[in-house]
Amino acid sequence: MKTFTEYLYMNTPHKRDYVNITEQVSSLVKKSGVREGLCLVNAMHITAGVHINDDEQGLIKDFDRWLESLAPHEPVSMYGHNNGEDNADAHLKRTLMGREVVVAITGGRLDFGPWEQIFYAEFDGQRKKRVLVKIIGE
């Protein structure tokens, strides 16, 4: 069995951003040489997540509005965590959207359903963060 590990580094221009990383992950699958296996994509920060969905701008705006309605950034004083920090909402948003995804690799390619894409979701951005891509298989 082969294993392959690489990191993607993200530094988003906004506090909240949704970045399609499908092509980057697909390139790493090809680079790994794995033909049959699994690909784990994992946000390595507690205020960022990874999820799979459709790359449709209306849907991305809907996610952002929905998350902000459930865990609004302000007033920052409403959160117990915000004692010297102001990112409690980012922790909650990450919990809702998830930490990682696992995608099957079939025939050397990510094996998606229709419209599926991998997104890095940033909830406390404007600084360097990383995403783990771990590929295992034959």
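At-a-glance table
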read-out: Top of Tyr120, Tyr79, Tyr18 by mean-square fluctuation, Gaussian network on the chain, Cα under 10 Å; value: Tyr79
read-out: Loop-located GluC sites (Glu not before Pro) in the range 6-88 whose Cβ has at most 11 other Cβ within 10 Å (DSSP); value: Glu56
read-out: Point-charge dipole on Cβ atoms (K/R +1, D/E -1) for the chain, about Cα centre, debye to 20; value: 560
read-out: Burial ordering of His81, His45, His14, fewest other beta-carbon atoms within 10 Å first; value: His14, His81, His45
read-out: Highest-MSF residue in the chain out of Asn42, Asn83, Asn53 [GNM, Cα springs under 10 Å]; value: Asn83
read-out: Computed lengthening from Glu56 to Trp115, 0.36 nm per intervening residue step minus Cα-Cα distance; value: 20.3 nm
read-out: For Thr12, distant residues with modelled amide H under 5 Å away; value: Gln126, Arg127
read-out: Projected label distance in nm at Tyr9 and Lys31, using a 7 Å step from Cα toward the beta-carbon; value: 1.3
read-out: Placed amide H near Arg99: partners under 5 Å, 5+ positions off or other chain; value: Val50
read-out: Helix-only [θ]222 nm of the chain, DSSP H runs n ≥ 4, -39500 (n - 2.57) each, per residue, nearest 500; value: -8000 deg cm²/dmol
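Since every read-out is calculated from the coordinates, none of them should be taken as a lab result. Quantities reported herein were computed from a predicted structural model and do not represent experimental measurements. Methodologically, a virtual Cβ is constructed for each residue, glycine included, from the backbone with ideal geometry; neighbour enumeration extends over all protein chains shown.
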